[in-house]
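The values are calculated or read from the model by the stated rules, or taken from the named source; none is laboratory data. Keep in mind it's a predicted model, so treat the numbers as computed, not measured. Cβ sites come from the backbone with ideal geometry, for glycine too, and all protein chains shown count toward neighbours. Note: areas computed on protein heavy atoms with side chains; ligands, DNA, RNA excluded. Shrake-Rupley method; radii C 1.70, N 1.55, O 1.52, S 1.80 Å.
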Amino acid sequence: MIYYYIIFFISLFAAYLFTILAKNIAPSIGAIDKPNEIKIHSKFIPRLGGLAIYVAFLISIILIYYFYGRLGLVFFKNKMTGIFLGGTIVFVTGFIDDIKTMKALFKLIIQGIAALILFFYGIRMNLFPNLWLSIIFTVIYVVGAYSAMDMIDGLD
């Protein structure tokens, strides 16, 4: 039980530390949100918060597998692999989008691919006995949730 607390606090500290680091390196790589007439902020805002979250996520995964002795080939056979792969795809897309704005349709396609990866690793909405309906609703749910967070993120 103590491992949960250790993992939580190390991940929390990593997210905090990497948020500060991301804030400081964002201007040097051009990941800055500039104010304009449709933005609500009046000063430049760094855009690399996803980097800090992703690094803390990776640290959490590594610590979980370290404390429970399952780091190795077992990692590639379970649902956590789907979360890792899908999360990595979404992170890389978001990172590139922070530096150079991407078209919404391209981001939507990438999000759909990440949702399909989750589905095929067993993370799915099993509301329907039909496989295709399950795939469709899983993709809609994941892409919708991601897009909602992306819209909120635009409110810096």
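Some points to look at:
- Some residue of the range 57-73 being touching a residue at least 24 places away in the same chain (Cβ under 8 Å), in a helix (DSSP H, G or I) and open to solvent by 90 Å² or more (accessible area, probe 1.4 Å): no
- Failed item, numbered, when Pro129 is tested on (1) open to solvent by less than 80 Å² (accessible area, probe 1.4 Å); (2) not in a helix (DSSP H, G or I): (1)
- Within the span defined as the range 17-35, one or more residues are in contact (Cβ under 8 Å) with a residue 60 or more places away in the chain and more than 22 Å from Ile152 (Cβ to Cβ).
- For the residues Ile113, Ile136, the requirement of being over 30 Å from Phe44 (Cα atoms), among the β-branched types (Val, Ile, Thr) and touching a residue at least 24 places away in the same chain (Cβ under 8 Å) singles out Ile113.
- Residues in the range 86-121 that are hydroxyl-bearing (Ser, Thr, Tyr) and either touching a strand residue (DSSP E or B) at 6+ places or on another chain (Cβ under 7 Å) or open to solvent by 60 Å² or more (accessible area, probe 1.4 Å) (or both): Thr101, Tyr121.
- Options Ala26, Ala14; residue that is over 12 Å from Asp98 (Cα atoms), open to solvent by less than 70 Å² (accessible area, probe 1.4 Å) and assigned to a helix (DSSP H, G or I): Ala14
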